[in-house]
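Contents: one structure, followed by commentary.
Any read-out appearing in this document is the output of simple, stated calculations on the displayed coordinates, not a laboratory observation. Just so we're clear, the structure is a prediction, and the values are computed from it rather than from any experiment. Note: ideal-geometry Cβ built from the backbone for every residue, glycine included; neighbour counts use all protein chains shown.
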Amino acid sequence: MLKSMSRVSLISALAAAAAVSACAPVLGPPPPPGGAFPHPSASEFRPGDFSWSAVPGRGGLAGHLVYKQGAERFTCAHATVILTPETPWTRRRMTILYNSAERAALPTDEVRARTPSAPDGDYSAFVRRATCDATDRFSFSGLPDGGWYVITVAKPVGGGASMALMRRVTTRGGRVTNVDL
């Protein structure tokens, strides 16, 4: 009789555990270190992934171009600075274009050559733009908390090939985040 009660208890416990686990969110296995496998929506452009970035916020970015190659100084004066929301799709796009999802400085022609292999989608409605001033400064305001990609083209002051600069930044707590590119 004890054995049959133990089995009944065990079966009841397993049934209860199965019922509870059916209500729990399915997270799947943790991603491998370094993000070797893309997020399921990384290859598919999904406008809903960008919706968080369209909500007005109290945060901002104050940026300054400080990029140099040796003694050669670069400028972004009068160039457009692009701010793109971070989503699985844009993270994959940055990795393809810049060989990094965190930070890069690459020849502009090299980045443009990779553009056809980057995932395609119309995310222009979610991109914010600013202009770099004569002192190589730019800013964005009204940002919600989240991850963003700051992108601009910098030209050497003395002439020569331009560089595409990208950096991932995070806005938090309605504060202004300082960014050096």
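Things to note:
- Cα gyration tensor category, rounded, prolate or oblate, for segment 44-113 with a/c compared to 1.5: oblate
- The residues packed around TYR67, meaning those with a beta-carbon under 13 Å from its beta-carbon, carry a net charge of +2 if Lys and Arg are +1 and Asp and Glu are -1.
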